[in-house]
Amino acid sequence: MRLYIKYCGGCNPVINRKKIVDEVVHKLQRRTALELVGDRADIGLIVGGCPVCCVNMDEVRPLARRLVTVGGELVNFVKVPIAQLSEIIVEQILNSFDPQWELPEADWPERENLPQALGAEGKIKHN
Amino acid sequence: MALKTPQQYLHDLRSRNIELYMFGEKVENYVDHPIIRPSVNSVAMTYKLALDPEYEDIMTATSNLTGQKINRFTHLHQNTEDLIKKVKMQRLMGQKTGACFQRCVGMDAFNAVYSTTYEIDQAHGTQYYQRFVEFLKYVQENDLVVDGCMTDARGDRGKSPAQQPDPDAYLHVVERREDGLVVRGCKLHQTGMINSHEILVMPNNSLKADEKDWAVCFAVPVDAPGMIYVYGRQASDTRKLEGGNVDMGNIHFGGQEVMTIFNNVFVPWERVFMDGETDFSTMVVERFAGYHRQSYGGCKVGVGDTLIGAAKAIADYQGAAQASHIKDKLVEMCHLNETLYGCGIACSAEGRKTAAGNYLIDQLLANICKQNVTRYPYEIARLAQDIAGGYFVTMPSEKDFNNPDIGPLVKKYSTTRTDVPVEYRQRMARLVENLTQGSAAVGYLTESMHGAGSPQAQRIMITRLVDLEHRKELAENLCGISRHPDIDW
Ligand SMILES: Cc1cc2nc3c(=O)[nH]c(=O)nc-3n(C[C@H](O)[C@H](O)[C@H](O)COP(=O)(O)OP(=O)(O)OC[C@H]3O[C@@H](n4cnc5c(N)ncnc54)[C@H](O)[C@@H]3O)c2cc1C
Ligand code: SF4
């Protein structure tokens, strides 16, 4: 899986972004072949320190097929228990990923055809 | 009919029967009652301005549900620009009416219920969201006013709903039938209740797992059987019955709060949006309160603009406008008022998308906004009273000014600048009185204190939302107690 990670500017974080990302990467590495990339990613992980999550989505959207957004304690806009944050992010990333994308014949879609979808449909347990 | 005229709105109010009491008597034609009519006028203004090309840009929006042009008071905020325009609309409305125009509570309620029902369905597999969307389409297509109905009678403040000696202290479900629910209870302080078409009821607070009967959210029309209304008094309300209008201060507009009794009211299932999901009571309460705390960064600012204008005018009329301390006090009033506006805009600009798709304000900044609102209007009012002098509380009545025998003497000794008609001073002084201790002070001051939650409610939220440990870490990095993680060169 090709993963792109984008942090917000970090002005007023209510979570430790770096620590959460380290945990997510570590957990993903144990479950899938992970490659961290800067473009043409399968999944874009947006890591906002607070619910505002002020990353410019228009800039990020073309860089990945699907996005998973974290804004403080929100994962894909739903509040989750902070102790389970990295675990839930990993689940969302894996649910968003389509193994077909790794087939040799799978093309990277034209940029204008990239899905606008923000994150996976999977259910998230509420806090 | 996505946009109604004020006339159509008045027609709606006239063409229904409600059980309303005031001064111990049943009121039949409340629309034309002199105490109530100013509050009706305030809401009618929300219809008028939406049809005016000069204001339609902030008064209207395009519905994400129907694609139609709708009144912004019925809109689901689709982005941060919508949240900002909402605050601007409220400031405009406050300026035009100098009063509470009542229609925001419903807008704040349905933005909160929309996103909460979506998340309840995701978690519990229920069908509330689609029901709510249908209700909202009906509201938008018919340009309706919705009362946002949260605050219960609440009995003993030290006890939760299930612990109250009288279970009706908090509105609750008393019967579940095949075709719907029956509810009983009382919601106090309901802003604009009898000027509304529909009531959107929400639970009052966080609930425990065994308090399912109180975890109920639904909508009923204002004229539903079993609804009883008792009109809330406001300071100086009977001045509106005296004939003449000078002593009213604000001669056109006013606010309204109504005690609202649900005496075994039936709610069909298609109007039920939460029934027993106690785990979502906090979410709906916090979101509604958050939106309403944002609202005050608009409406109170608009009313503040009129009070600043009144203070400036009275200083002019009385010949004190050139004094440096008066100028400075007016600057201070503006500084406080614009700070409130800054908070309203900030919590909107920092808004975020919810899972349902509509936008929610930044909760921390909305709570900061409301915390300031619990203080600054009082300071602005204090400065206005300082500038106005004492005559606005000791001045004889309009009837004395018009009395053929003593009127000329009253006028003679009420004259300030000879080039300013005495009546100007009279009217402006009464407006200052109206806004700072008369009927408009209900909205401008006491509602600033308690509306959308008393000050302590915001402080609890601020405590929860600010990460103090992070701030402590920042300080420790700077003074060498811990290693600064970014010094690596
Ligand atoms: C003009 C006006 C318009 C309003 N409009 C609406 C409306 O349209 N819709 C709506 O639903 N509501 C409305 N409200 C209600 C408003 O939200 C409540 O007034 C507010 O939540 C405070 O509740 P209360 O008035 O019962 O005061 P209380 O809750 O009794 O508060 C009095 C004091 O006691 C403290 N207190 C209360 N309980 C506790 C506790 N358990 N522990 C510690 N301290 C406590 C409070 O902090 C406060 O200092 C309106 C209020 C006003 C004044
Ligand atoms: S108090 Fe302000 S926000 Fe609330 S209904 Fe009145 S005008 Fe609107």
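Observations
- When each of B:LEU65, B:LEU76 is tested for being under 17 Å from B:ALA356 (Cβ atoms) and open to solvent by less than 20 Å² (accessible area, probe 1.4 Å), the lone residue that passes is B:LEU76.
- B:GLN163 being more than 14 Å from chain A (Cβ to nearest Cβ), open to solvent by 40 Å² or more (accessible area, probe 1.4 Å), within 12 Å of ligand 1 (Cβ to nearest atom) and of a type outside the set (A, V, I, L, M, F, W, C): yes
- Residue in the range B:172-179 that is under 24 Å from B:ASP279 (Cβ atoms), assigned to a strand (DSSP E or B) and under 22 Å from the mean Cα position of the chain (by Cα) present: no
- Elements of type helices (runs of 4 or more DSSP H) contained in the range B:14-117, each with 2 or more residues being more than 16 Å from ligand 1 (Cβ to nearest atom) and closer than 21 Å to B:ASP223 by Cβ: B:37-50
- The residue pairs whose first member lies in the range B:11-24 and is of a type in the set (Asp, Glu), whose second member is open to solvent by 80 Å² or more (accessible area, probe 1.4 Å), and whose beta carbons are closer than 9 Å, counting only pairs six or more residues apart or on different chains, are B:GLU19/B:LYS26.
- Unique match (being open to solvent by less than 40 Å² (accessible area, probe 1.4 Å) and either within 14 Å of chain A (Cβ to nearest Cβ) or more than 25 Å from B:SER196 (Cβ to Cβ) (or both)) among B:GLY344, B:GLY254, B:GLY249: B:GLY249
- Considering residues of the range B:303-320 that are among the hydrophobic types (A, V, I, L, M, F, W, C) and either without any contact (Cβ under 8 Å) to a residue 12 or more places away in the chain or more than 16 Å from ligand 1 (Cβ to nearest atom) (or both) only, the residue farthest from the other protein chains (Cβ to nearest Cβ): B:ALA320
- Single residue of A:ASP22, A:ASP39 found to be farther than 26 Å from B:ARG287 by Cα and either assigned to a strand (DSSP E or B) or within 14 Å of chain B (Cβ to nearest Cβ) (or both): A:ASP22
- Cβ-Cβ distances below 7 Å connect the following pairs, each with a first residue in the range B:444-455 that is more than 14 Å from chain A (Cβ to nearest Cβ), a second residue that is within 11 Å of ligand 2 (Cβ to nearest atom) and not in a helix (DSSP H, G or I), and a separation of six or more residues or different chains: B:GLU447/B:CYS100.
- When A:CYS50 is tested against (1) within 13 Å of another protein chain (Cβ to nearest Cβ); (2) in a helix (DSSP H, G or I); (3) not polar (S, T, N, Q), exactly one condition is not met: (2).
- Of everything in the range B:100-133 that is more than 14 Å from chain A (Cβ to nearest Cβ) and β-branched (Val, Ile, Thr), the residue that is surrounded by the fewest Cβ atoms within 10 Å (Cβ to Cβ) is B:VAL133.
- For the range B:456-476, the set of residues classified as open to solvent by less than 50 Å² (accessible area, probe 1.4 Å) and within 14 Å of chain A (Cβ to nearest Cβ) consists of B:MET461, B:ILE462, B:VAL466, B:ASP467, B:HIS470, listed by residue number.
- Scanning the range B:258-283 for residues that are open to solvent by 50 Å² or more (accessible area, probe 1.4 Å), farther than 23 Å from B:LYS26 by Cβ and more than 14 Å from every other protein chain (Cβ to nearest Cβ) returns B:TRP269, B:GLU270.
The values are calculated or read from the model by the stated rules, or taken from the named source; none is laboratory data. All figures in this text were calculated on a predicted structure; none of them were measured in a lab. Every residue, glycine among them, receives a Cβ derived from its backbone with ideal geometry; neighbour counts consider all protein chains shown. Accessible surface is based on the protein model in full, side chains and every heavy atom, while ligands, DNA and RNA are left aside. Shrake-Rupley method; radii C 1.70, N 1.55, O 1.52, S 1.80 Å.
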